[in-house]
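Report on the structure given below.
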């Protein structure tokens, strides 16, 4: 039962002064609060014997007032320290969880549902906090306070009467322990069900447009009804056990009262007890009601806290797949060259290689186009530079001659600007979303970034301009607007390496051309990698690689690939025809010759062929 306190020992030790004061005052109050019943019993005996005097009555009242003041001051102090500590524990664990989430790689979030993680960061932490606050209180009251009362009853009144009154306690201890074990198991299941419910709500809200588009509202309602019914039933199962604690204790307390009153009356008739002592004994029995109830609450809280802490610790124990070298990392001033040397890669959950024998050298200032069929490995190749997954591959990836694993993650990420196809915007204003990676950016820098992303012309149409709230995940914006804001967010940092992963798929051809022209103009001397399905988006690139089934099957400049007449040429011509563009707009050999000298990166093509089957 007390395993949870041992698990939280690190926190109690770190805040030992706070908990020392709280527990010390609680223990002192145990002795202070047993004095009034004894004084009342003595007063009754004095009145019964006719020996009550005014002086004694004044002294009695003064002592009782003093005890009341002491109890108030001590009570306020221990409560502030104890429950303040519980809130500090909740804050500490919540901060740990957030730091842990921020360190985790995609593998962690693939294996853990968002709703369940939210449940652990909310409900479970509340249960753990209860253990460190109310749990400690019930522990003290159910042990030391009850022991103090029992010792006082035995020493000051009658040990025989006290001993006989304790007969129900072993029954209570057995019942509470039995209930506690069942409660632990049922509460764990209830918390898991709550996580499932959270996850279902998040998925439905995130995909509300799809739900409505396919007229699945009633089906989702029915599905959610089943989910909440499962949550309800599992919480009812917890409530059934929870409801047994107080009635069981009340029955046993009632038996204790019957024993005390019956045998106590007998002792009074036998002149072994005075009426005042019997009165004091019954007051003490009344004071025992809370410690006995606290014993039931103690097991309840400890078992809930233990189950919740196990769930939280399970999350915190998960080790990130990518290990940061930290201060031992190699310092690189400028990423002047990126080399993929016979690199093969597979995801941790996959049994097959997604990339095979990639050989590619990228020099600073070059623009690299990455094209290929859906599922050919374009995004995976781009994401190698993000280092989101462990190096479970053959070959190597080096930046400025240093293996990427030897670079600090913070140092590596400081070079990168990444824009995925699925743009993630925060529920803040347009300006705040653009400033996300550069909080100190000026208004002029924000405007410049939005102009490069071809979004500045849209600002005037927004209700509050740059101060317009975009809604959760940018729900109030179109797909193209979200992509352009995400692009501006990456451009405002002026990254050394810009990674565009199909980042303009939702914009029209004219807007795309405007954005690409701005990127070419503003990013001279910086590296850009563009993975896309649109051949026109990479026609200007210094070097283009065509992927198929994770391998480079074609490589060269736009002119080279058009001459070969392979897959790239076929797709380019098809897309030009589909968009209805004038063929004169196609980049010709003469256009490229006049565009200045280009230095193609060294690339080793594993399979060279004119087309992809």
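Numbers at a glance
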{"item": "Förster radius 41 Å - calculated FRET efficiency between residue 411 and residue 313, Cβ distance, rounded to 0.05", "result": "0.85"}
{"item": "Shape parameters for the range 422-494, alpha-carbon atoms, Rg then Dmax in Å", "result": "10.5, 29"}
{"item": "At 1.306 mPa s and 10 °C, Stokes diffusion of the range 249-343 via Kirkwood alpha-carbon radius, µm² per second", "result": "79"}
{"item": "Extension gain from residue 163 to residue 444, taking 0.36 nm per residue of separation minus the Cα-Cα distance", "result": "92.9 nm"}
{"item": "DSSP-defined beta bridges in the range 463-586 - what % are antiparallel, rounded to 5", "result": "50"}
{"item": "Most to least packed among 442-453, 318-329 [average Cβ atoms within 10 Å]", "result": "442-453, 318-329"}
{"item": "Percentage relative contact order, the range 77-225, counting C-alpha pairs under 8 Å, at least six apart", "result": "35"}
{"item": "Acute angle (nearest 10 degrees) that the helix 479-491 long axis makes with the longest principal axis of the chain, alpha-carbon atoms", "result": "90"}
{"item": "Contour minus Cα-Cα distance for residue 521 and residue 217 (0.36 nm per residue)", "result": "104.6 nm"}
{"item": "Cα-projected label distance for residue 460 with residue 533, points at 7 Å along beta-carbon direction, nm", "result": "3.3"}
{"item": "Shape parameters for the range 3-316, alpha-carbon atoms, Rg then Dmax in Å", "result": "25.7, 90"}
{"item": "Distance from the range 296-365 to the range 111-173 (C-alpha centre basis), Å", "result": "42"}
{"item": "Between the range 445-495 and the range 21-79, the alpha-carbon center distance in angstrom", "result": "70"}
{"item": "Once the Cα gyration tensor of the range 282-396 is diagonalised, semi-axes √(5λ) in Å", "result": "58, 18, 12"}
{"item": "3, 374 arranged by Cβ crowding within 10 Å, fewest neighbours leading", "result": "374, 3"}
{"item": "FRET E, pair residue 422, residue 469, Förster distance 22 Å, beta-carbon r, rounded to 0.05", "result": "0.60"}
{"item": "Segment residue 331-residue 31, extension gain: residue separation times 0.36 nm, minus the distance between their alpha carbons", "result": "101.6 nm"}
{"item": "Helix 16-33 vs. the chain, principal-axis angle (Cα, 0 to 90°, nearest 10)", "result": "20"}
{"item": "Computed label-point distance, nm, for sites residue 206 and residue 560 using a 7 Å Cα→Cβ extension", "result": "4.1"}
{"item": "Isotropic mean projected area of the C-alpha convex hull, the chain (nm²)", "result": "38.4"}
{"item": "The chain: antiparallel DSSP beta bridges as a percent of all, rounded to 5", "result": "55"}
{"item": "FRET efficiency, 1/(1 + (r/R0)^6) with R0 30 Å, evaluated for residue 105 and residue 341 via beta carbons", "result": "0.85"}
{"item": "Contact order normalised by residue count of the chain, Cα under 8 Å, 6+ apart, percent", "result": "14"}
{"item": "CD proxy at 222 nm, helix term only [per DSSP H run n ≥ 4: -39500 (n - 2.57); per residue of the chain; nearest 500]", "result": "-18500 deg cm²/dmol"}
{"item": "Pairwise label distance in nanometres, residue 400 with residue 65, each label 7 Å out on the Cα-Cβ vector", "result": "7.8"}
{"item": "Folded to 0 to 90 degrees: helix 35-49 orientation relative to the chain principal axis, Cα", "result": "20"}
{"item": "Relative contact order of the range 493-548, defined on C-alpha pairs under 8 angstrom at six or more residues apart (%)", "result": "47"}
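Since every read-out is calculated from the coordinates, none of them should be taken as a lab result. Everything quoted here is computed from the prediction, not taken from an experiment. Ideal geometry is used to build each Cβ from the backbone, glycine not excepted, and the neighbour counts take in all protein chains shown.
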